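Can you read through this structure? Questions will come right after.
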Ligand SMILES: Cc1cc2nc3c(=O)[nH]c(=O)nc-3n(C[C@H](O)[C@H](O)[C@H](O)COP(=O)(O)OP(=O)(O)OC[C@H]3O[C@@H](n4cnc5c(N)ncnc54)[C@H](O)[C@@H]3O)c2cc1C
C-alpha cells in the first residue's frame, strides 16, 4: 500500500511512545487515532522522573517542535548523581552542569506536553484493545473492550511491556529479570535532611543483592525504588503488609545500611507500589509485516538500569515518523524503521542487562563509581 492511500492508522497505547508518534504523524497530515485503555487523566497517576537524552529522546521532542516547552519544565539540576555504598559512604558525587545533556522531567509532565499538541479528536480514552482480525492483505479489524470495532490500514502497537499486539509479530514473551522493586515516596518539605542527602537528582545506593535508588521528582516527592534480587513469588509477601509492617520489615532487612539511606524507608508515606522488572530477549527481531509494527516497550522491553526505556520509545516514534517522511511504500516504511530500531534497541538492551548485573553484584557501588569517573 502507498502512504497516500492510508485511510486510518491505529496507534494502540497512549504512553510516551504512542503519543509522540501521534504528534509526529499529525505534523505530516497522516490520518491516525491513538487508542488508550486508561482514562483521560491517566498520566497524572504515573509518577517517576525520567532523564531525556540528547541523542534519542530529545531528537523526537525537537522534531515535534516542543523542545522549548520541554526545556521550561525540564530539571537540568536533576542530573546531580551520587553513588553510595550500603554503609552510606559516598563514592561518587557529581553536581549537575548548568545545562547538561540528560535533564529530568516527570513522566506525567512529559506526557502532558505532548498531549497538549495533539488534536483531541485523534485520542480515544477508555479504549482497551482486545483482539484483531486480518480482513485481507491490507486491512485489519480491531475490537475494543467497550465493544467498538474499528477497521484500519495500519496497526502500531505502543501498548507497553505486555503488549497484545506483539503476539501478532513474534512469540517472544517478557521474562522476569530476577529483580523486584518497592516504590516508596517521601515528602521533601517535611524531610529537608533527606533532600539534602539526595540532592536534586539521583542516588544509587548499591549493596550486593539489594539497592536503594532515590530520585527527586518535580512535585515535592522523593521517590525511592527499594530493590532486591528475589524469587518471583517473594514480592507478594511484601504486598500483603500494612505500611507500618512493610517499613518494619524493610528496616530489618536493611539493618546494616547507613542511617541516611534508611531514611528513604522510614520517611515514606502511604503510596507504595510493587514492581517486578521484566525484559524481552536482547536482540529481538521479527519479519516485517504489511500492516503492523511495534514501538517502545512493546518492541524492546528492557530493565530500567540504563535509563533508556522512555528514550527508546520516543526515539522509535522519531524513526518511524522519519521513515514515513522518506518513503511512499508502507512495507518500505516499516522495514526501514524496524531495521534501525532493532540495531539500536539491541545495544541498549544489552547495556541495561550489563548494568543490572553490576548493580546487584558484590562490588556494585565501587564498579559503578569507577564507570562514572571514567565518563565524567
Ligand atoms: C520502575 C521503573 C523505572 C523506570 N525508570 C526509567 C528511567 O529512569 N528512564 C527511562 O528511560 N525509562 C525508565 N523506565 C522505563 C519507561 O517507563 C518505559 O520504557 C516507557 O514508559 C515506555 O513507553 P511506552 O510508551 O513504550 O510504554 P508505556 O509507557 O508502558 O505506555 C503504554 C500505554 O499503553 C496503554 N495500553 C496498554 N495496553 C493497552 C491496550 N490493550 N489497549 C489500549 N491501551 C493499552 C497503557 O495504559 C499505557 O498508557 C522505568 C520503568 C520502570 C518499571
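Looking only at residues in the stretch 134-146 that are surrounded by 14 or more Cβ atoms within 10 Å (Cβ to Cβ) and farther than 26 Å from residue 329 by Cα, which one is nearest to the ligand (Cβ to nearest atom)?
Filtering the stretch 134-146 for residues that are surrounded by 14 or more Cβ atoms within 10 Å (Cβ to Cβ) and farther than 26 Å from residue 329 by Cα, the one nearest to the ligand (Cβ to nearest atom) comes out as 144.
For residue 366, indicate whether it is surrounded by fewer than 17 Cβ atoms within 10 Å (Cβ to Cβ), under 18 Å from residue 59 (Cα atoms) and more than 14 Å from the ligand (Cβ to nearest atom).
Working: surrounded by fewer than 17 Cβ atoms within 10 Å (Cβ to Cβ): yes; under 18 Å from residue 59 (Cα atoms): no; more than 14 Å from the ligand (Cβ to nearest atom): yes.
Against the criterion (surrounded by fewer than 17 Cβ atoms within 10 Å (Cβ to Cβ), under 18 Å from residue 59 (Cα atoms) and more than 14 Å from the ligand (Cβ to nearest atom)), residue 366 does not qualify.
Here's a follow-up. What number goes with the only condition from (1) within 30 Å of residue 222 (Cα to Cα); (2) within 16 Å of the ligand (Cβ to nearest atom); (3) without any contact (Cβ under 8 Å) to a residue 12 or more places away in the chain that residue 375 does not pass?
Only one criterion in (1) within 30 Å of residue 222 (Cα to Cα); (2) within 16 Å of the ligand (Cβ to nearest atom); (3) without any contact (Cβ under 8 Å) to a residue 12 or more places away in the chain is unmet by residue 375, namely (2).
Among 320, 314, which is more than 30 Å from residue 228 (Cα to Cα) and within 14 Å of the ligand (Cβ to nearest atom)?
Values: 314 fails: more than 30 Å from residue 228 (Cα to Cα).
That would be 320, the only listed residue that is more than 30 Å from residue 228 (Cα to Cα) and within 14 Å of the ligand (Cβ to nearest atom).
Mind checking whether some residue in the stretch 165-184 is surrounded by fewer than 18 Cβ atoms within 10 Å (Cβ to Cβ) and near the ligand (Cβ under 10 Å from one of its atoms)?
No, the stretch 165-184 has no match at all.
So residue 149 ticks every box in (1) exposed (fewer than 14 other Cβ atoms within 10 Å of the Cβ); (2) over 23 Å from residue 103 (Cβ atoms); (3) more than 15 Å from the ligand (Cβ to nearest atom) but one. Which box is left unticked?
Among (1) exposed (fewer than 14 other Cβ atoms within 10 Å of the Cβ); (2) over 23 Å from residue 103 (Cβ atoms); (3) more than 15 Å from the ligand (Cβ to nearest atom), the lone unmet condition for residue 149 is (3).
Evaluate the following for residue 160: is it assigned by TED's automatic domain parsing to the domain that holds residue 52 and assigned to a loop (DSSP other than H, G, I, E, B)?
Numbers: assigned by TED's automatic domain parsing to the domain that holds residue 52: yes; assigned to a loop (DSSP other than H, G, I, E, B): yes.
Spelling it out, residue 160 is indeed assigned by TED's automatic domain parsing to the domain that holds residue 52 and assigned to a loop (DSSP other than H, G, I, E, B).
Select from the stretch 263-292 the residues that are within 16 Å of the ligand (Cβ to nearest atom), over 19 Å from the mean Cα position of the chain (by Cα), closer than 12 Å to residue 243 by Cβ and surrounded by 14 or more Cβ atoms within 10 Å (Cβ to Cβ) and list them in ascending order.
Correct list: 268 only.
Next question. If you scan the stretch 347-360, which residues turn out to be buried (at least 16 other Cβ atoms within 10 Å of the Cβ) and assigned to a helix (DSSP H, G or I)?
At the first step, the residues of the stretch 347-360 found to be buried (at least 16 other Cβ atoms within 10 Å of the Cβ) are 348-349, 351-353, 355-356, 358-360.
Correct list: 348, 349, 351, 352, 353, 355, 356, 358, 359.
Return a yes/no flag: does the stretch 231-251 have any residue that is in a strand (DSSP E or B) and surrounded by fewer than 20 Cβ atoms within 10 Å (Cβ to Cβ).
No, every residue in the stretch 231-251 fails to be in a strand (DSSP E or B) and surrounded by fewer than 20 Cβ atoms within 10 Å (Cβ to Cβ).
I would also like to ask the following. Can you run down the residue pairs with Cβ atoms below 9 Å, 6 or more apart or on separate chains, where the first is in the stretch 290-308 and more than 20 Å from residue 154 (Cβ to Cβ) and free of Cβ contacts under 8 Å to residues at least 60 places away in the same chain and the partner is assigned to a loop (DSSP other than H, G, I, E, B) and near the ligand (Cβ under 7 Å from one of its atoms)?
302/308
Moving to a separate point now. For the subset of the stretch 5-23 comprising residues that are part of a loop (DSSP other than H, G, I, E, B) and within 15 Å of the ligand (Cβ to nearest atom), which member is farthest from residue 160 (Cα to Cα)?
Here is the first cut: in the stretch 5-23, the residues part of a loop (DSSP other than H, G, I, E, B) are 6-8, 13-15.
Within this subset, residues satisfying the condition of being within 15 Å of the ligand (Cβ to nearest atom) are 13-15.
Values: 13: 7, 14: 9, 15: 8 Å.
By that ranking, first place goes to 14.
The values are calculated or read from the model by the stated rules, or taken from the named source; none is laboratory data. These numbers were taken from a predicted model, which means no experiment stands behind them. Using ideal geometry, Cβ is built from the backbone for each residue, glycine included, and neighbour counts are taken over all protein chains shown.
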